[in-house]
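*Asks:* Before anything else, here's the structure in question.
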Amino acid sequence: MSVQCPPSCAACLSSTICTSCNPGYYFQPNQTCSNSISCGSRTFFNNQTQNCQNCPYDCLTCYTDNTCASCSSSDNRQLDLATHRCVPLSQYFDNQTTVCPPCPANCLVCKSLALCTVCLSGAYMSTVNNLCYTQCPARQFANSQSATCQSCPYDCYTCNADGTCLSCSGSGGDNRQLDTFTKRCVAMPKFFDNLTQICVSCPSECAICTSLLRCSSCVSGLVLTSDLKCSSSYPPRSFINPITQLYQLCPYDCLTCNSDGLCLSCSPSDNRVLDSVTSRCIPMPKYF
């Protein structure tokens with residue numbers, strides 16, 4: 001069954017939808033033909049194609065060369081007289097859609113929700129994430145000369161501009177505590193500083209350690225060996241130095257000895273006996 005086009009249409013899809021117009025009529029955005037030019041908002045009449053076409057996304061009204069004639073404040077835009085484009089108002093950015101979204105907090109100019117380029121007066125630009133803050137976040141300090149938030153040293157939770165720590169992140173965080181003398185955030189007991197933000201747990205037998213392989217002191221009941229391990233027993237012919245808490249070898253003649261280097265017992269297999277006067281293991285008769 002054929003469709004009767006409206007009198008203004010040269011061709012149509014239905015009795016209400018035109019695809020081209022008869023001479024003297026103009027194609028409209030609603031796919032009708034009219035004998036008057038009445039393009040709607042955000043459209044313009046194209047003399048070459050004799051129809052209404054959409055303006056660029058940023059324009060409220062526009063010229064035939066696709067430059068903007070006016071802008072909508074509800075789009076958060078204003079007319080740039082040099083470029084004849086509708087550019088974002090301050091504290092808004094162009095995301096290639098009609099309505100400009102707002103910048104992140106404290107940004108005067110931005111390129112996205114995650115990138116400020118100019119901060120409001122009194123705010124600081126973070127060199128870490130390019131956002132603006134009225135107070136710098138943890139692990140950053142305010143540089144008043146450059147109006148930026150800059151990174152603290154890796155060990156600090158908060159810090160001064162000179163890089164000394166003001167506070168530390170403790171148990172369950174960085175496992176650090178403030179050394180009031182050096183103003184550094186040092187490892188808590190049973191942790192060690194591996195030059196990254198979070199201190200690493202020592203081996204379970206260490207009270208203090210410098211790595212996963214080197215203990216500096218041991219938990220109660222264990223003693224430190226010469227290779228910086230913690231052990232529950234003394235190696236043969238050694239004693240514990242009460243100052244260093246390290247194993248040291250006894251004098252050559254002793255089987256066991258005290259921290260003064262005096263023999264406590266001797267080995268018959270060494271052909272030696274204990275001299276109770278000198279506390280030395282001397283040769284048995286017929287030995288030297």
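Since every read-out is calculated from the coordinates, none of them should be taken as a lab result. No experiment lies behind these values; they were computed from the predicted model shown. Please note: Cβ atoms are built from the backbone with ideal geometry, for glycine as well, and neighbour counts cover all protein chains shown.
*Asks:* What percentage of all Cα-Cα pairs in segment 68-118 are separated by more than 12 Å?
*Replies:* Numbers: 736 of 1275 pairs.
Counting pairs separated by more than 12 Å, the tail of P(r) holds 58 percent.
*Asks:* In the chain, if the dipole is taken from +1 on Lys/Arg beta carbons and -1 on Asp/Glu beta carbons about the Cα centre, which of Cys39, Pro56, Ile198 is farthest to the positive end?
*Replies:* Result: Ile198, furthest along the dipole toward the positive end.
*Asks:* Follow-up question, since we're still on this one. Under 13 Å Cα-Cα from Lys111, which aspartates and glutamates qualify once same-chain neighbours fewer than 8 residues away are excluded?
*Replies:* Output for Lys111: Asp94.
*Asks:* Computed over the Cα atoms of segment 1-54, what is the ratio Rg over Rh, Rh following Kirkwood?
*Replies:* Working: Rg = 11.1 Å, Rh = 11.2 Å.
Rg/Rh for segment 1-54 comes to 0.99.
*Asks:* Can you give me the distance in nm between label points at Ser226 and Thr210, each placed 7 Å from the Cα along the Cα-to-Cβ direction?
*Replies:* Calculated label separation equals 1.8 nm.
*Asks:* What nm distance separates the two modelled labels at Ala161 and Thr64, each placed 7 Å from Cα along Cα→Cβ?
*Replies:* About 6.1 nm separates the two model spin labels.
*Asks:* Quick check of the Kirkwood formula: for segment 11-114, what is the inverse mean of 1/r over all pairs of different Cα atoms, in Å?
*Replies:* Working: mean 1/r = 0.0647 Å⁻¹.
Evaluated over segment 11-114, this radius sits at 15.5 Å.
*Asks:* Arranged by the count of other C-beta atoms within 10 angstrom, fewest first, what order do Lys229, Lys111, Lys286 take? Before the final figure, lay out the partial values.
*Replies:* Details: Lys229 17, Lys111 14, Lys286 6.
Placing the least packed residue first, the sequence is Lys286, Lys111, Lys229.
*Asks:* If you don't mind, there's one more thing I want to ask. Please arrange Met284, Met125 by counting, for each residue, the other beta carbons lying within 10 Å of its beta carbon, fewest first. Intermediate results must be reported in sequence, preceding the final value.
*Replies:* Details: Met284 13, Met125 22.
The most exposed by this proxy come first: Met284, Met125.
*Asks:* Let me ask something else about it. On full extension of the chain, what length is gained from Thr16 through Met188, given 0.36 nm per residue of separation minus the C-alpha to C-alpha distance?
*Replies:* Values: separation 172, 0.36 × 172 = 61.92 nm, distance 8.01 nm.
Length gained, Thr16 through Met188: 53.9 nm.
*Asks:* Test of understanding: ordering Asp94, Asp260 by Cβ neighbours within 10 Å, fewest first, what list do you get?
*Replies:* Working: Asp94 17, Asp260 7.
Lowest count first: Asp260, Asp94.
*Asks:* Given a Förster radius of 30 Å and the C-beta distance between Tyr57 and Thr127 as r, what FRET efficiency does 1/(1 + (r/R0)^6) yield to the nearest 0.05? Present the calculation step by step, with values, prior to reporting the outcome.
*Replies:* Details: r = 34 Å, r/R0 = 1.12.
Approximately 0.35, to the nearest 0.05.
*Asks:* Right, something else. Over all directions, average the projected area of the Cα convex hull of the chain and note it in nm².
*Replies:* Details: hull surface 135.4 nm².
Computed as one quarter of the Cα hull surface, the answer is 33.8 nm².
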